[in-house]
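Worksheet: one structure, shown below.
Nothing in this text is a laboratory measurement; each read-out follows from the coordinates by a stated rule. Remember, it's a predicted structure, so these values are computed and weren't measured experimentally. Here the Cβ is made from the backbone with ideal geometry for all residues, glycine too, and neighbour counts use every protein chain on show.
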Amino acid sequence: MMKGGSEVVHQLDHSIIQQPNEQWDSCASHDLVRFPGITSAPNFPSKPITENRANNPERNELSQWVEHVTRQLIEDLPENYETQAGLQTNGNEIPALLGELRPKKIARRNSSEGIEGQQQQQQHQWNSTHDDHLANRNETGAKGISGLDDQGLNLITLLLECAVAISVDNLGEAHRMLLELTQVASPYGPSCAERVVAYFAKAMASRVINSWLGICSPLINHKSVHSAFQFFNNISPFIKFAHFTSNQAILEAFHRRDRVHIIDVDIMQGLQWPALFHILATRMEGPPHVTMTGMGTSMELLIETGKQLSNFAKRLGMSFEFHPIGGKTGEIDISNFKISRGESIAIHWVQHSLYDATGPDWKTMRLLQALSPRVVTLVEQEIALGGSFLDRFVGSLHYYSTIFDSLGAFLESDDSSRHSVEHGLLYREINNILAIGGPARNGEDKFRHWRSELSKNGFMQVPMSTNSMAQAQLILNMFPPAHGYSLVQGDGTLRLGWKDTSLFTASAWTSPNSR
C-alpha cells in the first residue's frame, strides 16, 4: 500500500463539506495527498483484480431478485409484444431489453388474435406468472433469493406488470396498479425493495400523467442536487472514484505541458479541481498556465464556481483563467471555446442521469473531434439510457436496486444522509430516465456506451495507469470488505461496482490529432 495511506483514509473519512465558504480549502486539504507522483507508482498487480467482496450474501437480495423475476416474467410475454412496445427485435428474442439478461425464445401464438384480446391474455399470463413465482420461490435455487419476503416480491412483480402496461399504452391499468403501489410502498420503508418500488412508482406516475397531458417539464433545483451529491460523496465511494481516477489521468496527460486547458462538460460546483490544481502548482518543472471552461445549464452557478476556482488558484500562485459556457456540448459551436495556440486540452465528463448534459450525441462527438483533446476522461454509468421505455425501465431497475442495496448494507433505514441521497439524487435520476429522458421523449438517438463510440470515431484508448488504480484502492479502503464494493481493472478501464454488478466505469482517450 502507498505510503501515507492511513492518513489519506482518515482524511477521506472526514471530507464532508458543510459551508460554501469552506468548500475550496476543505477540498484542497483533504485531496492534495491523494495523487501520487507520476514517477512513483505503487506496486499493484498488473492482472485484473477484484477487491472487497462482501461476505454477507443476505444484504444483496434486491438486485438479485430483480434479475431473477424480470428474466422469468419476460419469458412469458406474448409473441407480438415487442411490436406493441416498440422494441428492437432479432428473430424471436428481445436482445435490447435486458442486456446480459436475455430471455429465451418466445412461444408463438395465433396471429389472428386482436390487440385487445392479446393485451388481456398478456395481463392474465403475467398474473399467472406472479402466482407461480409465489408458489415456487423456494425452488428456484437463485443465489440469495430466499431472504426476500413475500411483500417485497409482490411489490417488485406488480411494478414490472405496471411497466408492461405503460409500454403498451394501457394507461388505465397502469394507473390502477400505481395507486396500489403508492399505498403500500414508502421511500422511508425498512427494506430496499420497498424504497426502490416507491421511487420507481412515483416516476412512473409522472410518466402516466405526462402521457395523458402531453407535458414534460424537468425542473432542476441545482443547489439541492449539489447538496445530495456531497452527501453521496461521503457515504459511498462512487463520486470519489469518478473524480480521483480522472484527475490522475489528466495529471499524467499534462506532464511537462506549459499551457493546459480543461473543459468540464458539466462542472457543477467544481469540487474535484482544487486537488488537481495543487499538484499542478507544485510540479517540479513549475506550474502551467491553466485555462478552464466550465459548462452547465445555470450561468449564475457557473460564474460562482469560476470565482471560487479563480480565488483558489490565486492563493496557489498559479496562472489561471475561467470561461463559463451556459449550454450543452451538442449545442455549442467550437468558436465558443477560447482555445489558445499551444494549449493541451483535456475534456472531462462524469456521466449521470439527472438531466441531459450534452444534447444530441452525434453533435457532441463532432465537437470532441474538432477540439482534438490530448485526453478525454470519461466516467460512465453502466446503464443504457436509449431504447424503448421498457428497455430503460428494466435496465434502470436493476442498476438502481444495486445502488440501493449498497447504501442499505451499512446505513440504517432512518439515516438522514441516506434519505437525502435516495430522494435528492437517485430518485431524480430514475424520474429523468422513466418520465422524461430517452428517444421516445426527445426524438434523439443516444449512445449506449461512449467508450465504443469514441473508438469508432478514431479516438485511441489510454489505459488507466497503476496510479489511477492506487487512487481507487485508497478510496475503497474507507469501506470494510463486508460492504461489498468491487474494483476491477481490465481492458484499459477501471470498474467500480457492488458485488458482481459493475456500476461505474472510468476510461481515458486521446485524439489522433491531439494538441
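Assorted remarks:
- Rounded, prolate or oblate (a/c below 1.5 giving rounded, otherwise prolate when a/b exceeds b/c) for the stretch 365-417 by Cα gyration tensor: oblate
- Sorting 389-397, 487-495 by their mean Cβ neighbour count within 10 Å, with the most densely packed peptide first, gives 389-397, 487-495.
- Distance violations [Cα-Cα > 26 Å] among K202/K446; K223/K338; K240/K363; K338/K363: K223/K338; K240/K363
- Site pair E304 and L171 shows an inter-label distance of 3.7 nm when each label is modelled 7 Å from Cα along Cα→Cβ.
- Linear extension gain, S452 paired with K223, 0.36 nm per residue minus alpha-carbon span: 79.1 nm
- Database remark: amide H of I347 closer than 5 angstrom to the amide H of I263, V375, V376, T377 (H placed geometrically; neighbours at sequence offset of 5 or more, or on other chains; Pro and chain starts carry no H).
- The residue list G359, M318, S406 was ranked by how far each Cα lies along the charge dipole of the stretch 314-448 toward its positive end, using unit charges on Cβ atoms, and M318 comes out on top.
- Estimated distance in nm for a label pair at I209 and R256, the labels positioned 7 Å out from Cα along Cα-to-Cβ: 6.0 nm
- As a rough guide to protection, the peptides 238-247, 367-376, 451-460, 259-268 ranked by mean Cβ packing within 10 Å, highest first, stand as 238-247, 259-268, 367-376, 451-460.
- Span from the the stretch 394-427 Cα centroid across to the the stretch 310-380 one, whole angstrom: 30 Å
- Sites R341 and V184, calculated FRET efficiency, Cβ-Cβ separation with R0 45 Å, nearest 0.05: 0.10
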